[in-house]
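The values are calculated or read from the model by the stated rules, or taken from the named source; none is laboratory data. Keep in mind it's a predicted model, so treat the numbers as computed, not measured. Using ideal geometry, Cβ is built from the backbone for each residue, glycine included, and neighbour counts are taken over all protein chains shown. Heavy atoms of the whole protein, side chains included, go into the accessibility calculation; ligands, DNA and RNA do not. Shrake-Rupley method; radii C 1.70, N 1.55, O 1.52, S 1.80 Å.
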Amino acid sequence: MFVHMDRVAIVGAAMTRFGKRSGWVAELLTEAAEATIADAEIDRAQIDHVYVANMASGEFEGHAGIANRLVHDCQLIDAYCARIDQTSASGGAGVYAGWQAIASGAASCALVVGAEKMTHRSTAEATDVIASLTHPVEYQHGVTLPSFAGLAARAYLHRYDAPRESLAHVAVKNHRNGVDNPHAHFQSAVDLETVLSSPMIADPLRLYDFCPISDGSAGLLLMSESLAREVTDRYVVITGIGGGTDTHVVHERPDPTRMGAVVTAGERAYAMAGRRPTEVDFAELHDMFTILEFLQSEDLGFFEKGHAWESTMAGVTARDGRLPINPSGGLKSKGHPLGASGVAQVVELVTQLRGEAGARQVDGAVGLACNVGGFGNCVTTTIVEAVS
Amino acid sequence: MSDDAPAPTAAEYADGSVGYPMHPIGPDGHAPVGEVALTGRAGTVETWTESTATPPGVRAPNLLAIVSFDLPGGPVRMIGQVDADAVAIGDRVHLGPPTQLREPDSGLRPTAVQSYVGHRFVPDED
C-alpha cells in the first residue's frame, strides 16, 4: 500500500552535545530545533507541524506543555504542535508522528525535536521517575529498569551459555565508537578489565553495562520526497517505519530473552521498506543496557536467538565489521536523554548516509534505528536509506 | 507490619488461561471468571538479580527474582523481593507473610495510588 506513495524525506538533522548541560528542557529544545532548521536551510515559516518527544518534563522540572514553549521560543506560531510521550521510546514515537503527518498529507513540513533534562536530579530520583512506568505489582518491590536488565542478562547468559565478558565487549565497542562522536556524553575508551571490575549495579551487570543519565536534544525536519527534491540535494528517505507494544509487566512474558515488540516493530518496518534484515548495512540500537544490544540484534533478525554474543565477540558489530552496530557510540557512550535518544538515533543514520560522520563513518546505504521504551514495552523501528 | 495486603492471586479466565496480575480483560477478550491463590504454593526461580542502585525508600541491596508457579492453566510468573541473602536459578520458593516492601510516600506514587505492602519470596527448606 506504500509503494506508490510520495515517500517521506529527512531534509534536516542535528543533535546537541549530550551530557551534563546547564540549560533546562526548553533551552535544549530550542538549541536542537534551531540547529535542525539551520541544517535544512529552509524558511521556518514552512514548518506546519511540530512534535516534541519527551518523557517526563513535568516530573523532572515541573514544566508541562513544552511543545507550546518550543513553538513560542522558535517563532513557529501557527504550527500545530503536540508532545509525544512513549517513555524511553518517545523519540522514535515522535519520528513516527512526524512521518504520519507527512505521509498522510496533514503536514507539508514537520519538525520533530526530542529532549530531556535529567542530570539535576539524583540517580535515585531519576531512576524512580523512569521506574514509575512499571505496573504497581512491580513498582512496590522497588523494581527498576536496571534490575529488569539484570534479570534478563542472567537468563540470557544461563540459557545460551554465554560468557559474562561478551556483554563487556558491547560496552568496549560502543565506548570506542563514542570517542569519535563530538556530541557523545563520554568520549573515552574503556577496556574489558575496567568494565568487568566496575561496581555491581544489578548482578550480573556492572556500572559500565549501563548508559549514563544525560541531558540533551536532537531534531529532524521531514517533508515529502517530491518537496524535498526542490529544496535540497542532500536528503535521505524513511523507507520503513513500524511500532509495536508488548505487555509492560515484564514477568508476564514467557521468554525473558525475547522482546516481542522489537520483533513486531521490526517486521512492520521491514515490510514497509521491502527489506530483509540481511539488507541492513548498519544499525543504531537502544543499548540503554549492554544486554539490550544482544536482545535487539537477535529480535530484529540480524543474528539467531542466542548467538549475538558470539558475533559481537568476533567483531561482526564493530565499526569495521560486517554489520556495524551503534557507530554513534550508542546510548551507552553517547548518553540517554530519554526523549532525545530515538531522534538522535535517526540523526546518526542521516549523518552516516550523507557521509558526514568523519572518523566514525561506516559504509552503507541502508540504516536501521530501534528505539525501545520501558524494558521492551513499546518500540519504534525506522529504516532510513540514501537516495541513489 | 501490616495485614492489609491482599494475598497475591492469579486471575483465571473462561478459556482456562491464568496470569498475574489480573487484566481487566483477559487473553480471551473477557473479564476474569475466578482467582487462584498463589500463597502456599512452591514456585521456581527463573532468574534473579541483586540491585544496588535502588530508588528512594527501597532497601539496598534489593534481591529480586522472577518466579514461575505451575498451575493447571499454565505457568504463572511473578516478580518480587527475595527474603534471603542469595538465591539461584532453579531454587524452590514460596510467598512469605505480608511485609512493608518500600517506605510509604518515598517514591513518586503516593500510597493512595500504590500499596507498598506485599509478599516476599522465601526459599523452601531443603
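So which helices (runs of 4 or more DSSP H) stay within segment A:142-248 end to end and still have 2 or more residues that are touching a helix residue (DSSP H, G or I) at 6+ places or on another chain (Cβ under 8 Å)?
Details: elements: A:145-160, A:164-179, A:192-197, A:225-231.
Ranges flagged: A:145-160, A:164-179, A:192-197.
Applying the selection to segment B:73-85, what residues are more than 19 Å from B:VAL117 (Cβ to Cβ) and either at the interface with chain A (Cβ under 7 Å from one of its Cβ atoms) or free of Cβ contacts under 8 Å to residues at least 24 places away in the same chain (or both)? Working first, answer last.
Start the filter on segment B:73-85 by keeping residues that are more than 19 Å from B:VAL117 (Cβ to Cβ), which leaves B:73-77, B:84-85.
Scanning segment B:73-85 gives B:PRO75, B:ARG77, B:ASP85.
Could you check segment A:352-373 and list, in sequence order, the residues that are buried (at least 24 other Cβ atoms within 10 Å of the Cβ) and either farther than 16 Å from A:GLY98 by Cα or aliphatic (A, V, I, L, M) (or both)?
Our first condition is that a residue be buried (at least 24 other Cβ atoms within 10 Å of the Cβ); within segment A:352-373, this holds for A:352-353, A:367-373.
If the condition is that a residue be buried (at least 24 other Cβ atoms within 10 Å of the Cβ) and either farther than 16 Å from A:GLY98 by Cα or aliphatic (A, V, I, L, M) (or both), then A:GLN352, A:LEU353, A:GLY367, A:LEU368, A:ALA369, A:CYS370, A:VAL372, A:GLY373 are the ones that fit.
Do you know which of the residues in segment A:128-154 that are within 7 Å of chain B (Cβ to nearest Cβ) and open to solvent by 10 Å² or more (accessible area, probe 1.4 Å) is nearest to B:ALA88 (Cα to Cα)? Break it down into steps so the answer makes sense when it comes.
Just the residues of segment A:128-154 that are within 7 Å of chain B (Cβ to nearest Cβ), to begin with: A:128-129, A:131-132, A:135-144, A:146-147, A:150-151, A:154.
With open to solvent by 10 Å² or more (accessible area, probe 1.4 Å) added as a condition, the list becomes A:132, A:135-137, A:140, A:146, A:154.
Working: A:SER132: 28, A:HIS135: 25, A:PRO136: 25, A:VAL137: 22, A:GLN140: 22, A:PRO146: 19, A:ARG154: 10 Å.
Residue satisfying both the conditions and the ranking: A:ARG154.
Take the residues in segment A:62-92 that are open to solvent by 50 Å² or more (accessible area, probe 1.4 Å) and not in a loop (DSSP other than H, G, I, E, B); name whichever of them is nearest to A:LEU331 (Cα to Cα). Can you show your working first?
To start, the set of residues in segment A:62-92 that are open to solvent by 50 Å² or more (accessible area, probe 1.4 Å) comprises A:62, A:64, A:68-69, A:72-73, A:75, A:77-78, A:80, A:83, A:85-86.
Next, only the ones that are not in a loop (DSSP other than H, G, I, E, B) stay: A:68-69, A:72-73, A:80, A:83, A:86.
On the way: A:ASN68: 28, A:ARG69: 27, A:HIS72: 30, A:ASP73: 28, A:TYR80: 30, A:ARG83: 22, A:GLN86: 17 Å.
Looking at residues that are open to solvent by 50 Å² or more (accessible area, probe 1.4 Å) and not in a loop (DSSP other than H, G, I, E, B), I get A:GLN86.
From the list A:GLY98, A:GLY23, which one is farther than 17 Å from A:LEU220 by Cα, open to solvent by less than 30 Å² (accessible area, probe 1.4 Å) and touching a residue at least 12 places away in the same chain (Cβ under 8 Å)? Even if it seems obvious, please write down each step before you answer.
Numbers: A:GLY98 fails: farther than 17 Å from A:LEU220 by Cα.
Result: A:GLY23 is the single residue among A:GLY98, A:GLY23 that is farther than 17 Å from A:LEU220 by Cα, open to solvent by less than 30 Å² (accessible area, probe 1.4 Å) and touching a residue at least 12 places away in the same chain (Cβ under 8 Å).
State which residue is surrounded by the fewest Cβ atoms within 10 Å (Cβ to Cβ) when the search covers only segment A:250-281 and only residues that are over 13 Å from A:CYS378 (Cβ atoms) and within 14 Å of another protein chain (Cβ to nearest Cβ).
Checking each candidate, the answer is A:PRO254.
Of the residues that sit in segment B:5-54 and are away from chain A (no Cβ under 13 Å) and acidic (Asp, Glu), which one is surrounded by the most Cβ atoms within 10 Å (Cβ to Cβ)?
The residue in question is B:GLU12.
Does segment A:104-127 contain any residue that is more than 8 Å from chain B (Cβ to nearest Cβ), open to solvent by 30 Å² or more (accessible area, probe 1.4 Å) and part of a helix (DSSP H, G or I)?
yes
From (1) surrounded by 17 or more Cβ atoms within 10 Å (Cβ to Cβ); (2) within 10 Å of chain A (Cβ to nearest Cβ), pick out the condition that doesn't hold for B:PHE69.
If we test B:PHE69 against (1) surrounded by 17 or more Cβ atoms within 10 Å (Cβ to Cβ); (2) within 10 Å of chain A (Cβ to nearest Cβ), just (2) comes out false.
In this structure, is A:GLY301 open to solvent by 10 Å² or more (accessible area, probe 1.4 Å), assigned to a loop (DSSP other than H, G, I, E, B) and touching a residue at least 12 places away in the same chain (Cβ under 8 Å)?
Yes; evaluated as a whole, the condition is true for this residue.
Scan segment B:91-126 for residues that are over 15 Å from A:HIS141 (Cα atoms) and open to solvent by less than 40 Å² (accessible area, probe 1.4 Å) and jot them down.
Hit for segment B:91-126 is B:VAL93, nothing else.
Anything in segment A:197-215 that is of a type outside the set (Val, Ile, Thr) and open to solvent by less than 50 Å² (accessible area, probe 1.4 Å)? List them, or say none.
Our first condition is that a residue be of a type outside the set (Val, Ile, Thr); within segment A:197-215, this holds for A:197-200, A:202-212, A:214-215.
Matches in segment A:197-215: A:SER198, A:ALA202, A:ASP203, A:PRO204, A:LEU205, A:ASP209, A:PHE210, A:CYS211, A:PRO212, A:SER214, A:ASP215.
Among the candidates A:GLY342, A:GLY321, A:GLY364, which residue alone is modelled with pLDDT of 95 or more, within 27 Å of A:VAL195 (Cα to Cα) and in a loop (DSSP other than H, G, I, E, B)?
Just a single option satisfies the conditions, and that option is A:GLY321.
Tell me whether segment A:218-227 contains one or more residues that are more than 30 Å from A:ALA13 (Cβ to Cβ) and open to solvent by 30 Å² or more (accessible area, probe 1.4 Å).
Applying the first criterion (more than 30 Å from A:ALA13 (Cβ to Cβ)) to segment A:218-227 yields none.
Within segment A:218-227, not a single residue is more than 30 Å from A:ALA13 (Cβ to Cβ) and open to solvent by 30 Å² or more (accessible area, probe 1.4 Å).
Tell me, yes or no, whether segment A:158-171 has at least one residue that is within 19 Å of the chain's Cα centre (by Cα) and either open to solvent by 10 Å² or more (accessible area, probe 1.4 Å) or not β-branched (Val, Ile, Thr) (or both).
So in segment A:158-171, the residues within 19 Å of the chain's Cα centre (by Cα) come out as A:170-171.
Subset that is either open to solvent by 10 Å² or more (accessible area, probe 1.4 Å) or not β-branched (Val, Ile, Thr) (or both): A:171.
Yes, there is a match, as at least one residue in segment A:158-171 is within 19 Å of the chain's Cα centre (by Cα) and either open to solvent by 10 Å² or more (accessible area, probe 1.4 Å) or not β-branched (Val, Ile, Thr) (or both).
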